[in-house]
Amino acid sequence: MVEKGGLEKAKVIIREDECKGCGLCIEACPVDVLFEQNVLNRMGYHPAGYKGEGCTGCGICFYQCPEPGAITVFKKGYVEEEVT
Amino acid sequence: MAKIIRKSDSFYPIYEHKSGAKDVTHYCPGCGHGVLHKLIAEALDDFQIRDRTILMSPVGCSVFAYYYFRVGNIQCSHGRAPAVATGIKRVFPESIVISYQGDGDLAAIGGNNIIQAANRGENITVFFVNNAIYGMTGGQMAPTTLVGQKTTTSPRGRSVANEGYPVAVSEMLATLKAPVYIERVALTDAKNTNKVRHAVRKALQIQIENKGFSLVEVLSACPSGWKMTPVQAKQWITDYMCKQFPLGVFRDTSAEIEPSPAVKNEFISHDLFKKLDIPDKPFRAVKSETPPVNYQNPRLKIAGFGGQGILLLGLGIAQAGMQMGYQVSWIPSYGPEMRGGTANCHVNLSNKRIGSPVVSQPSTLIAMNLPSLEKFECEVIPGGLIIYDSSLINRPPARKDVEVLGIPATKIADDLGNTRIANMVILGAYIARTSIIPRQVVVDTLPVFIKRKNLVPLNVKAVDKGIEYVSQ
Ligand SMILES: Cc1ncc(C[n+]2csc(CCOP(=O)(O)OP(=O)(O)O)c2C)c(N)n1
Ligand code: SF4
Ligand code: SF4
Ligand code: SF4
Ligand SMILES: [Mg+2]
């Protein structure tokens, strides 16, 4: 997937397959834009998801999450980048 | 700051661990280890030190850290990471050496290791994950388990009367003079996690600037061991752990120390020889005489009383053998008491690589007292050689399938004025009988292993007496 750069809005991407459903990111998000999904991932966890709107790009969820690759945070004005 | 916050390059893209998916760690949901890994990896990226970082992983849940960090990795035995880190850092001073340890690893079995490394002020960075429990083995009590905390081995809660107080590692190490930076931080909310991030970076920066020893104690959640949800576990750190383990900086002298470049200790071999008092010329790699087949590649057991110079005799044979270009090994085995007890040592000289230094079936036995002869006679291989001190042993060996050489070594030494050089008489006898080492090589090597140089001439005399006795 190629993300177009210079976007005005911050956002967060959660790789559902790498999420262990611990809920720490959801608990910590200051603007409450993360939620626990109903689906089960391949490891049998309910992964966190982004509500799709309102992320400020603060990065707090990234630093709460124990999984190296589960969360990627894009700050406002991030440059073009290929995200796989 | 970067516009995109994501998985660090200092992690491998995929983890080659044996079980489970290759893109996730083996840590439980909500485990503090994962978060600390991320903070360390990010610092390695930002400081551009990944290529020269060597990480010591411990025994504990983080035993597999080497599957994740794309750096040099060594998995150390339990609690010994600071000792391994010391060795690595001293050999590669320009490397960044991280000792990553849990509380069982660092504060229980490895307690003394960390104290000594801190006290020496090793220029290493220690990340100490205090989760108040043995996570890996299923939640047993650790030295850091809180008063009242239930674990599988403190099912009624840790009691001070029975198990003592939790060990406050940071406070304890801060009583030492050498450490440069010691801080306790906690992986809880965003604010505290940011402090962990800064502490990690500071500790690494101190090593980059060669300022000395730093340790960051990280209070960290173990939801599985504590039997809590990840969110509850974080709250428990705030409500309980931080009370018994107050956060803060316990030592920081980093501002007072000037940064300095890494100094590489160069290994100069001839210098080493000089320092060890070994002749500064290449070893004679050629064996000047070929001993008869049955004496080649000898496996020796040398035994007697403590005080007879048994170990020194073995050392002399090994040292001279090394001079000849043989592969050699020497291992001592002390009796429980040093003097008056029994002593023996195992020596190998070989044209081939030596597999084991242990000699259980000697081709040559040197027995300098009766108990040694009685004990080891049966071990000698058929066709082997037994040399014994006939002035102290009043019965010759009973074996008929071996070659026997009795020599009154102690008596000869006594006549030379010093009974303690009986071992050198035996050495002379041994080389004369076997031609394994020329006399001149032994004479050249004596000053290397005889500490009191004024005794060297007397020792040469003793060797010559041994040679003379056999040649008669
Ligand atoms: C020499 C030795 N003794 C004991 C063990 C068993 N053992 C494995 S991990 C561990 C303690 C782990 O606790 P900690 O260091 O706190 O790490 P954690 O798993 O909590 O991160 C012990 C005692 C071992 N592997 N080796
Ligand atoms: S970056 Fe900040 S605002 Fe966005 S989801 Fe994460 S915690 Fe919430
Ligand atoms: S913190 Fe990470 S692992 Fe936990 S729920 Fe959020 S994304 Fe998943
Ligand atoms: S047992 Fe505890 S320390 Fe070990 S991985 Fe699980 S949560 Fe982490
Ligand atoms: Mg532990």
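The values are calculated or read from the model by the stated rules, or taken from the named source; none is laboratory data. Treat the numbers as computed from the prediction; the structure is a model and nothing was measured. Glycine gets a Cβ as well: all are built from the backbone with ideal geometry, and neighbour counts include every protein chain shown.
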- request: Being closer than 26 Å to B:PHE267 by Cα, part of a helix (DSSP H, G or I) and without any contact (Cβ under 8 Å) to a residue 60 or more places away in the chain is the filter here, so list the residues in the range B:48-104 that pass it.
  value: B:ARG50, B:ASP51, B:ARG52, B:ALA81, B:PRO82, B:ALA83, B:VAL84, B:ALA85, B:THR86, B:GLY87, B:ILE88, B:LYS89
query: Hey, among the residues in the range B:369-390 that are in a loop (DSSP other than H, G, I, E, B) and at pLDDT 95 or above, which one's surrounded by the fewest Cβ atoms within 10 Å (Cβ to Cβ)?
result: B:PRO382
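A quick yes/no check of all residues on (1) surrounded by 12 or more Cβ atoms within 10 Å (Cβ to Cβ); (2) in the same structural domain as B:GLY139 (by TED's automatic domain parsing); (3) within 25 Å of B:LEU173 (Cβ to Cβ):
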{"site": "B:ARG201", "(1), (2), (3)": "yes, yes, yes"}
{"site": "B:LEU204", "(1), (2), (3)": "yes, yes, yes"}
{"site": "B:LEU215", "(1), (2), (3)": "yes, yes, yes"}
{"site": "B:ILE237", "(1), (2), (3)": "yes, yes, yes"}
{"site": "B:CYS242", "(1), (2), (3)": "yes, yes, yes"}
{"site": "B:VAL249", "(1), (2), (3)": "yes, yes, yes"}
{"site": "B:ALA262", "(1), (2), (3)": "yes, no, yes"}
{"site": "B:PHE267", "(1), (2), (3)": "no, no, no"}
- line: The condition from (1) closer than 26 Å to B:HIS33 by Cβ; (2) of a type in the set (Ser, Thr, Tyr); (3) at the interface with chain B (Cβ under 8 Å from one of its Cβ atoms) that A:TYR78 misses is numbered (1)
Hey, A:THR72 within 15 Å of ligand 3 (Cβ to nearest atom), under 14 Å from the mean Cα position of the chain (by Cα), touching a residue at least 40 places away in the same chain (Cβ under 8 Å) and within 23 Å of B:LYS191 (Cβ to Cβ) or not: yes
task: Report, by residue number, each residue of the range B:1-35 that is among the hydrophobic types (A, V, I, L, M, F, W, C), over 16 Å from A:CYS19 (Cβ atoms) and assigned to a loop (DSSP other than H, G, I, E, B).
output: B:MET1, B:ALA2, B:ILE14
field: Residue count, the range B:111-156 (criterion: within 15 Å of ligand 4 (Cβ to nearest atom), more than 14 Å from chain A (Cβ to nearest Cβ), under 29 Å from B:ILE206 (Cβ atoms) and assigned to a strand (DSSP E or B))
entry: 3
message: What pairs come out if I take residues in the range A:33-46 that are acidic (Asp, Glu) and pair them with residues that are assigned to a loop (DSSP other than H, G, I, E, B) and within 10 Å of ligand 3 (Cβ to nearest atom) whose C-beta lies under 6 Å away, six or more apart or interchain?
response: A:GLU36/A:HIS46
- prompt: A:ILE26 is checked against (1) more than 7 Å from ligand 3 (Cβ to nearest atom); (2) modelled with pLDDT of 95 or more; (3) surrounded by fewer than 21 Cβ atoms within 10 Å (Cβ to Cβ) and fails just one. What number does that condition carry?
  reply: (1)
query: So which residues in the range A:52-78 are away from ligand 4 (no atom under 16 Å from the Cβ) and closer than 16 Å to A:GLY21 by Cα?
result: A:CYS61, A:PHE62, A:TYR63, A:GLY69, A:ILE71, A:THR72
- request: Please verify whether the range B:447-460 includes one or more residues that are modelled with pLDDT of 95 or more, under 23 Å from B:PRO292 (Cα atoms), buried (at least 20 other Cβ atoms within 10 Å of the Cβ) and in the same structural domain as B:ILE317 (by TED's automatic domain parsing).
  value: no
message: Going by what's in this entry, would B:ASP23 be described as more than 9 Å from every other protein chain (Cβ to nearest Cβ) and either over 25 Å from A:ARG42 (Cβ atoms) or more than 30 Å from the chain's Cα centre (by Cα) (or both)?
response: no
query: In the range B:131-153, what residues are free of Cβ contacts under 8 Å to residues at least 60 places away in the same chain and near ligand 1 (Cβ under 8 Å from one of its atoms)?
result: B:THR137, B:GLN140, B:ALA142
task: Report, ordered by the first and then the second residue, all pairs with beta carbons closer than 9 Å, sequence separation of six or more or different chains, a first member in the range B:247-261 that is over 14 Å from B:ASN210 (Cβ atoms) and among the small types (Gly, Ala, Ser), and a second member that is modelled with pLDDT of 95 or more and assigned to a helix (DSSP H, G or I).
output: B:GLY248/B:SER170
task: Please verify whether the range B:450-464 includes one or more residues that are outside any helix (DSSP H, G or I) and among the aliphatic types (A, V, I, L, M).
output: yes
- prompt: Residue check: is B:GLY102 within 14 Å of chain A (Cβ to nearest Cβ), crowded, with 24+ Cβ neighbours inside 10 Å and either small (Gly, Ala, Ser) or near ligand 5 (Cβ under 9 Å from one of its atoms) (or both)?
  reply: no
- prompt: How about the range A:26-54: which of its residues are within 12 Å of chain B (Cβ to nearest Cβ) and part of a loop (DSSP other than H, G, I, E, B)?
  reply: A:CYS29, A:PRO30, A:ASN41, A:ARG42, A:MET43, A:GLY44, A:TYR45, A:HIS46, A:PRO47
query: Can we say B:THR25 is among the polar types (S, T, N, Q) and either outside the structural domain of B:SER220 (by TED's automatic domain parsing) or touching a residue at least 60 places away in the same chain (Cβ under 8 Å) (or both)?
result: yes
message: If I ask for residues that are more than 8 Å from every other protein chain (Cβ to nearest Cβ) and in a helix (DSSP H, G or I), which ones from the range B:36-47 would you list?
response: B:LEU36, B:ILE40, B:GLU42, B:ALA43, B:LEU44, B:ASP45, B:ASP46
- prompt: What tally of residues in the range B:1-22 results from selecting those that are of a type in the set (D, E, K, R) and in contact (Cβ under 8 Å) with a residue 60 or more places away in the chain?
  reply: 1
